[in-house]
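None of the figures in this text is laboratory data; all of them are computed from the coordinates on show. Remember, predicted model here, so these are calculated numbers, not experimental data. Because the Cβ atoms are built from the backbone with ideal geometry, glycine has one as well, and the counts that use them run over all protein chains shown.
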Amino acid sequence: MFSNVLHRTRSRERSRSKGRLALALAAVLAIPAFASVGTAALAEAAAPGPKDTIAVLFSYTWDAIARECTDTLGPAGYGYVQTSPPQEHVKGPQWWTYYQPVSYKLDSRLGTEAEFQNMVNTCKQAGVGVIVDAVINHMSGQSAGGTGWAGTQFQHYDYPGTYSSQDFHSCRRDIANYQDRWEVQECNLVNLADLNTGSTYVQNTIAGYLNKLVDMGVAGFRIDAVKHIAASDMQAIWSKVKNHDSLYVVQEVIRANEPIQPEEYTSVGDIHEFAYGRKLKEAFGGGTINWLIEGNGIGSTWSGFLPQSNAAVFVDNHDTERNHETLSYADGAAYDLAQVFTLAWNYGSPSIHSGYSFSDNNAGPITDASGAVIDPMKGQGNWTFKHAQNDIMNMVGFRNATYGTAVTNKWTNGSNAIAFGRGSAGYVAINRSGSPISRTFTTSLPDGTYYNVIDAVRTGSTWSGPTVTVSGGQFTATVGANDALALHVGAKAAPGGGGTPAGDDLTVYYSTSKNWSAYNVHYRVGTGAWTTAPGVAMSAACTGWVSKTIDSNGESVTAAFNNGSGTWDNNGGQDYAFSGTTAAVNNGVVTTTNPCAAAPTDDLTVYYSTSKNWSAYNVHYRVGAGAWTAVPGVAMSAVCTGWVSRTIDSNGASVTAAFNNGSGVWDNNGGKDYSFTGNTAAVNNGAVTTVNPCG
Ligand code: ARE
């Protein structure tokens, strides 16, 4: 049983803040309410940054999110993953139980605190920040009380150890009239016990919960139901959160013809622009999409849309996929094309919803007998895995490759097909009609062959699949019915694209002295994600060696080798660390020499007669118009009786040279220097031949 006695002493602030009274008054007087909120003491919260896509892994367990960060989200370039609410919640089979907190213990049917911490760490390692869905407006909606997931016994307005009756607003009936600001912010949303967020104790308790998550390393929050928290209260809470300027925040204020508007909350962070998702349903779910990009196109210049700097967007979220306010996974191609559009367009920071299919709006995710959610796996149960769908995943890469560029080269057919570029970095064409469209598209892309990332598949840095060739900025292609085509500079087949090794790649050679039947390299670049074990196959390079070229971008590579059947060489448990462009591993010994280098054919070997009887011979030279060696140049060594030689890496270019004894005695061909081409030059008393004197 819970206790009715005061279980803690503290000072409470019971009165509403003056700001809230002013707001309530403003509402009564029909003054545009957000005009009276005044200046927030807060600096603008962090922008999401160039990797601004959030994967919303709805109802995923912490363990499954950790796995997805490593396997799909990190490699695809998602900047964030949003979790469902992690705190202790009421019990029940419905999905929405975790929107009814009963304590701030990190113990839920999605995982334990230890699993949560592991997820945060793993995602961070994969370059993905964790965003927590924070339910801070209310506690449970259980009029009869109950026992929470982690065993906390509670009553509707009493949560021992966290809140008691005085911590809730006194209205204690449901919101009936959304036109009444006071009612929306002080009465109960669907019977959910409404916290008195004007009280210092409540603010400190909420901030304590958020700060615990910040200490665990989360990157930001989605603030649930913030319309029901006065903006001034939200600002006060946010001012108590550590490092809040470095966190990414997105708030849920559903835009409606009501007094409380999203614009009131911009000082805390971004807000979801619901109008965006509604318009996408109208366009992709209806007949025409051309109007989405005409003029300035959908975004901040449209009336009733948040400014670019505050907008977060989605095609759908977990509420709208159920209430049909937007499209959802159930809309098939219309939905996928809307996701492609959202990732290619430049309005707001996008969230990609990924949950499970359902026919009953209340149906929860698949659980075990205890009610704990079973780790979602691709292809199992009813999970959609939208975040890992090839076109969506590759469009996250498109978005990252085109970040910061303007929309260019717009085209529409006047109804259901559109195309546009993102500066000289990308180009997308979307066909929402029932027939294919063939045409010549004009882009600002550099010439070259590009993968169509809608259909092409990326494995590490290697692409395979359909390509188009851009020439003079144009390409001709057919975009299938209800299909799309997207090109970007990060997925070029040639020249210099992801499909060909670049100058900053690392080629790793591994000796076949172990006689394994297969060789794999399992690796990560810098602090990026590890490949999925066993890693990638190495292929025969030359006798005794296999190799693999890794797109390391000049960064260090950590690696281990294996035979694909569980036999590993991980350098005695330390892994191997490589840098530069070449590494060769043979029985634990690492060198930076290419063991397969063919005998050089474009070098020059210069021979010099020892008839001068110098005690040392040096050649001072330059290749082509390159730099001279430092005086006295490089030493030549005895090669056969009467001759010294030196091989110069001339790459087939001409070499200009002079010889000396290292002590100031020079042979510079009478002041003219010597000039050599080809592979062999021999100098004897001023005479030059191209014959090897050592035969
Ligand atoms: C469930 C039951 C209720 C029951 C309650 C308490 O469905 O019948 O009374 O439990 O026992 C989610 C589910 C709810 C669920 C709740 C608690 O969607 O069904 O209730 O969890 O478990 C308003 C809010 C907005 C809110 C939506 C749903 O302004 O903030 O309603 N959205 C968030 C989340 C939801 C979540 C909650 C808030 C609660 O995204 O998933 O609820 O934490 C107009 C207004 C909008 C209003 C909308 C719908 O458009 O402009 O402001 O949204 O109508 O009423």
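Adding -39500 (n - 2.57) for every DSSP H run of four residues or longer, then dividing by how many residues the chain holds, sets the calculated 222 nm ellipticity at -4500 deg cm²/dmol. Computed from the Cα positions only, the extents of region 576-695 along the three principal axes stand at 53, 32, 28 Å, in decreasing order. Taking the DSSP beta bridges with both ends in region 46-195, the antiparallel portion is around 55 percent.
Which residue, GLY286, GLY146, GLN117, has the largest displacement toward the positive end of the dipole of the chain when charges sit on each Cβ (Lys, Arg +1; Asp, Glu -1)? Of GLY286, GLY146, GLN117, it is GLN117. Each Lys or Arg adds one and each Asp or Glu subtracts one; over the other residues with Cβ under 13 Å from the Cβ of GLU263, this totals -2. Only Cα pairs under 8 Å and 6+ residues apart enter the sum, and on that basis the relative contact order of the chain stands at 9 percent. Length gained on full extension, ASN553 to ALA47, computed as 0.36 nm times the residue gap minus the Cα-Cα distance: 179.5 nm. Each peptide among 531-543, 265-277, 322-334 gets the average number of other Cβ atoms lying within 10 Å of its residues, and from highest to lowest they stand as 265-277, 322-334, 531-543. If the limit is 26 Å between Cα atoms, which of LYS612/LYS672; LYS281/LYS410; LYS492/LYS548; LYS378/LYS492 go over it? Beyond 26 Å: LYS378/LYS492.
Can you give the percent of C-alpha pairs in the chain whose distance is more than 50 Å? Summing the P(r) tail past 50 Å for the chain gives 31 percent.
Using C-alpha pairs below 8 Å separated by at least 6 residues, the relative contact order for region 134-274 is 22 percent. Net charge dipole, the chain: roughly 660 debye, given to the nearest 20, about the Cα centre with Cβ charges of +1 for Lys and Arg and -1 for Asp and Glu.
Counted by Cβ distance under 14 Å from TYR607, the other residues give a net charge of 0, where Lys and Arg count +1 and Asp and Glu count -1.
Entry for region 112-152 at q = 0.15, 0.17, 0.27, 0.28 Å⁻¹: log10 I(q)/I(0) = -0.59, -0.68, -0.97, -1.00, Debye formula applied to identical alpha-carbon scatterers, no solvent contribution.
Maximal additional length on extending the VAL589-THR367 stretch stands at 75.0 nm, based on 0.36 nm per residue less the C-alpha distance.
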